[in-house]
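Here's the structure we're looking at; comments come further down.
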Amino acid sequence: PPATTDEQRLYVKSELGFEDAAPVFCEPYRQWVLEDNFPLGRPKLELLDNVTFIDDVTAWEFMKIRVLNGGHASLCYPSALLGVPFVHEAIWHPLIGPFLDALERNEILPTVTPPPDMSLEGYLDLI
């Protein structure tokens, strides 16, 4: 599991009122794409600025799996070999970062058909 710091435990206690020995913190989630099919009524998620409702998530799911997950998976071996433990560190590493960028732009993006109204370059910049 991810390591939790004392600062994070204190934040949970002071801001949320909970004592949690191992809260899990993560990066902010930038994009939610949801199929607009809620049998019991749609939650008011449109009030958030990072939610998109669509009829079919298939193209979005394919793009996410190829571009985001594929990019993350490609970081494993070079990061391990160079002793880089975290994705955010690998992306800024002087060898791994350019490798990932070239892989994404030259090998991964050409295999993806973008969803309607989505730029693959824009998605790559977002993630």
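The values are calculated or read from the model by the stated rules, or taken from the named source; none is laboratory data. Quick caveat, the model's predicted, so the values are computed rather than measured. With ideal geometry, Cβ positions are generated from the backbone for all residues, glycine too; neighbour counts draw on all protein chains shown. Heads up: the accessible areas ignore ligands, DNA and RNA and are worked out on the full protein's heavy atoms, side chains in. Shrake-Rupley method; radii C 1.70, N 1.55, O 1.52, S 1.80 Å.
Where helices (runs of 4 or more DSSP H) fall entirely within the stretch 1-115, those with at least 1 residues that are charged (D, E, K, R) are at 6-11, 58-63, 87-92, 96-103.
Annotation: of all residues in the stretch 97-112 being more than 19 Å from the chain's Cα centre (by Cα) and closer than 15 Å to I65 by Cα, the one that is most open to solvent (accessible area, probe 1.4 Å) is E107.
The numbered conditions (1) open to solvent by 70 Å² or more (accessible area, probe 1.4 Å); (2) touching a Pro at 6+ places or on another chain (Cβ under 7 Å); (3) within 25 Å of D125 (Cβ to Cβ) are all true for P94 except (2).
Just give me the residues in the stretch 27-86 being within 20 Å of E107 (Cβ to Cβ) and of a type in the set (S, T, Y), in sequence order.
Just the residues of the stretch 27-86 that are within 20 Å of E107 (Cβ to Cβ), to begin with: 59, 61-79, 81.
Residues satisfying the conditions are S74, Y77, S79.
The set of residues from the stretch 113-126 being open to solvent by 70 Å² or more (accessible area, probe 1.4 Å) and either on the phi > 0 side of the Ramachandran plot or aliphatic (A, V, I, L, M) (or both) comprises just one member, D117. Tell me, yes or no, whether the stretch 72-81 has at least one residue that is open to solvent by 90 Å² or more (accessible area, probe 1.4 Å) and over 16 Å from Q31 (Cβ atoms). Yes: the stretch 72-81 contains one or more residues that are open to solvent by 90 Å² or more (accessible area, probe 1.4 Å) and over 16 Å from Q31 (Cβ atoms). Residues in the stretch 64-96 that are more than 15 Å from the chain's Cα centre (by Cα) and in contact (Cβ under 8 Å) with a residue 12 or more places away in the chain: P78, S79, L82, V84, H93, L95, I96. Filtering the stretch 14-61 to residues that are closer than 28 Å to T4 by Cα, modelled with pLDDT of 90 or more and surrounded by 10 or more Cβ atoms within 10 Å (Cβ to Cβ) leaves only D20.
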